[in-house]
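Take a look at the structure set out below.
The values are calculated or read from the model by the stated rules, or taken from the named source; none is laboratory data. Quantities reported herein were computed from a predicted structural model and do not represent experimental measurements. Virtual Cβ from ideal backbone geometry, glycine too; neighbours counted across all protein chains shown.
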Amino acid sequence: MKRWLVGMAVIMCLVAGGTTLMFAGSPADTVKAANLRAAQDYLKSGLILAGEGRDEEAAKSFRSALGIRPDWAEAHSLLGSSLARAGKNTEAEAELRKAVTLKPDYAEGWNFLGEFLKEHGKEKEAQDAFRKAQQYSR
């Protein structure tokens, strides 16, 4: 649980650090920038809700972020973590796996997946995930 909170804090810093791309010019660029900000706002909301233990609501916020940015690995990982804490293990595992499929060098994602697999008795797969987390954290 402590690792999860540290991971969330790291992701929150990245999000709060202004990862929104600034676009200038056309109305389409303005809409794209607004959509990216909305996705970040949904992610931030999900992090706050998850921190309060409101995992079902957090999952809804993460899904809203993914509705805007479906290939956002970090949001899939956070969604998977919230679903796991809400007891929705099948969905959780699928989201955690999707995160590392979308971003194979995502060390935190591999670690979250490893923790999940270990907690659910899948030791060999967990060890493989932890090895990848260690490999990509270098």
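Below, the figures for the structure above:
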read-out: Total residues in segment 66-90, condition within 19 Å of Leu36 (Cβ to Cβ) and either at pLDDT below 95 or basic (Lys, Arg) (or both); value: 1
read-out: Asp55 over 10 Å from the mean Cα position of the chain (by Cα), closer than 21 Å to Glu93 by Cβ and charged (D, E, K, R); value: yes
read-out: Residue in segment 46-65 that is under 19 Å from Leu36 (Cα atoms), among the aromatic types (Phe, Trp, Tyr) and surrounded by 17 or more Cβ atoms within 10 Å (Cβ to Cβ) present; value: yes
read-out: Complete set of residues in segment 70-85 that are farther than 12 Å from Phe112 by Cβ and crowded, with 17+ Cβ neighbours inside 10 Å; value: Trp72, Ala75
read-out: Close pairs (7 angstrom Cβ cut-off, 6 or more residues apart or separate chains): under 12 Å from Gly109 (Cα atoms) in segment 70-91, modelled with pLDDT of 95 or more and among the hydroxyl-bearing types (Ser, Thr, Tyr) anywhere; value: Ala73/Tyr106
read-out: Long-range neighbours under 7 Å by Cβ, at least six apart or interchain, first residue modelled with pLDDT of 95 or more and buried (at least 21 other Cβ atoms within 10 Å of the Cβ) within segment 100-125, second not in a helix (DSSP H, G or I) and not hydroxyl-bearing (Ser, Thr, Tyr); value: Gly109/Lys103
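This table checks each residue for (1) part of a helix (DSSP H, G or I); (2) at pLDDT 50 or above.
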{"position": "Val6", "(1), (2)": "yes, no"}
{"position": "Gly18", "(1), (2)": "no, no"}
{"position": "Leu21", "(1), (2)": "no, no"}
{"position": "Thr30", "(1), (2)": "yes, yes"}
{"position": "Ala34", "(1), (2)": "yes, yes"}
{"position": "Arg37", "(1), (2)": "yes, yes"}
{"position": "Gln40", "(1), (2)": "yes, yes"}
{"position": "Gly53", "(1), (2)": "no, yes"}
{"position": "Ala58", "(1), (2)": "yes, yes"}
